[in-house]
């Protein structure tokens, strides 16, 4: 990633395309199970039974073996109960967790960084058992019905459950998942009319829901406090029709002199579908001072900032103040190679969740004229660049990525290969080095299109607030 004489380490580009032992077999078993959910498990066919037994065989050497084998037998006979579906979900999650660990180990080899030790698990959070049971019951109904059997009566069964969960902060994570899952399913009804089913995605959501709905599955806060200096690397913006999230990836330098570590800070807000483009920062900005600091190139001094043991800051503005100016590319060149990657929480071990900050330079960027796909070539190895993840609410564009000479990004695993999501790039313009950041507009912008979107968002939010106030007064 960085020349050794500058304090960094070299990226093992030869490992980017090397096969990962056992990965294909684990994912094949997951895919076999996912196909059983298409027609549902109320009256399984012989080919569905094969998928169930493939899942059981894949975990035959694990502590789950006996329970999953029994669950597969019951499900193949069409007599699976709630405990059996929970066992099948646990087996599927275990396989994807093992796949995540194998890919993460390969990412560690590629970057040369040292992973942090996994922390001791926190005790379980207190949750309402009746609501968890209701959620499991609805998810079991989905598994029996299958994606082809979807109708609005089945999908709407989640509405009362979600409404009852939302006021409880301990259940809000599960409530948000069920609400979003139900919305996707409702938009696809009737299931018989589906031309294409997102097998992996819907099975992922079903599995995560089943596990989160098990008593004791969700750990308590288990929070620690951090004091030291935070050096932002880049901002990853996630946007949905009704929600938005900004996630800042950063290096934390502890005040006690212990090794630096990678951390994340996130802020999420509900979003009206009328707020588009750069206007989304209007909603996010008031909730986190770090957004503006990162956009302005400032470090942050933290004092007793709450954090989870797996590297997520529970951001509170009163525990942070702006520090000295800092260049994310200088941080990426000098500090990033020595930073420790956090150990993920057990429930977050999934290949799609892998996002390792990396720094690249000395590559050749090229764009395919037919597909517009961009690749970076490093030491003869090609690394696809995922420009679909570039937010429209920022100045970083595919053209800028193609012209770049250095890049701070996230190494991800997608569709069987490593891909790079750019967070910021450097390029040379008129003999000067120019940097573009995906989150550059988080603190405001003078860009004409961005400023126009911000003004439109201000007007839209003002109207919505006025209408909401009017309804509350009534």
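Of the numbered criteria (1) outside any helix (DSSP H, G or I); (2) at pLDDT below 95; (3) surrounded by fewer than 16 Cβ atoms within 10 Å (Cβ to Cβ), the one residue 127 fails is (3).
The set of residues in region 140-172 that are free of Cβ contacts under 8 Å to residues at least 24 places away in the same chain and in a loop (DSSP other than H, G, I, E, B) comprises 166, 167. In region 432-448, of all residues being under 28 Å from the mean Cα position of the chain (by Cα) and either part of a strand (DSSP E or B) or farther than 13 Å from residue 284 by Cβ (or both), the one that is modelled with the lowest pLDDT corresponds to 445. Scan region 311-349 for residues that are part of a helix (DSSP H, G or I) and either modelled with pLDDT under 90 or surrounded by 15 or more Cβ atoms within 10 Å (Cβ to Cβ) (or both) and the total you get is 13.
When residue 272 is tested against (1) outside the structural domain of residue 87 (by TED's automatic domain parsing); (2) closer than 26 Å to residue 152 by Cα; (3) within 21 Å of the chain's Cα centre (by Cα), only condition (3) is not met.
The condition (being surrounded by 15 or more Cβ atoms within 10 Å (Cβ to Cβ), in contact (Cβ under 8 Å) with a residue 60 or more places away in the chain and farther than 25 Å from residue 165 by Cα) is satisfied by just one residue among 67, 113: 113.
The values are calculated or read from the model by the stated rules, or taken from the named source; none is laboratory data. In this text the structure is predicted, and so the values were computed from the model without any measurement. Positions of Cβ are backbone-derived with ideal geometry, glycine not excepted, and every protein chain shown enters the neighbour counts.
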